[in-house]
Amino acid sequence: MFSTSEATKKLFKAIEFQNASGERITPEEAWNHFQQALKEGANVNAFEDGMTPLMCIISAFVTSNLSYGLENR
């Protein structure tokens, strides 16, 4: 089993709009964390909870759009 690098952990946290301490951050801060993690060599093919970073981004996007649609019915 491969261990997840710190850069890869940072990448997944950024997708969840969290900093390294697990605190919520703004989308702009998340984008900065995301870019920094990529510069640090984050593994974009890593799995966390059965999903890659791209799958997490898509899931977050779909979830946010669904909740927005339900709120505006």
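The values are calculated or read from the model by the stated rules, or taken from the named source; none is laboratory data. Just so we're clear, the structure is a prediction, and the values are computed from it rather than from any experiment. Every residue, glycine among them, receives a Cβ derived from its backbone with ideal geometry; neighbour counts consider all protein chains shown.
Which one is modelled with the lowest pLDDT among residues in the range 45-64 that are loosely packed, with under 14 Cβ neighbours inside 10 Å and of a type in the set (Ser, Thr, Tyr)? Among them, the one singled out is 64.
Looking only at residues of the range 1-44 that are touching a strand residue (DSSP E or B) at 6+ places or on another chain (Cβ under 8 Å) and not in a helix (DSSP H, G or I), we find that the one that is modelled with the highest pLDDT is 24.
Look at the range 30-59: where a residue is under 15 Å from residue 7 (Cα atoms) and in contact (Cβ under 8 Å) with a residue 12 or more places away in the chain and a partner is among the β-branched types (Val, Ile, Thr) and surrounded by fewer than 14 Cβ atoms within 10 Å (Cβ to Cβ), sitting 6+ places away or on another chain with Cβ atoms under 9 Å, you get 38/44; 53/44.
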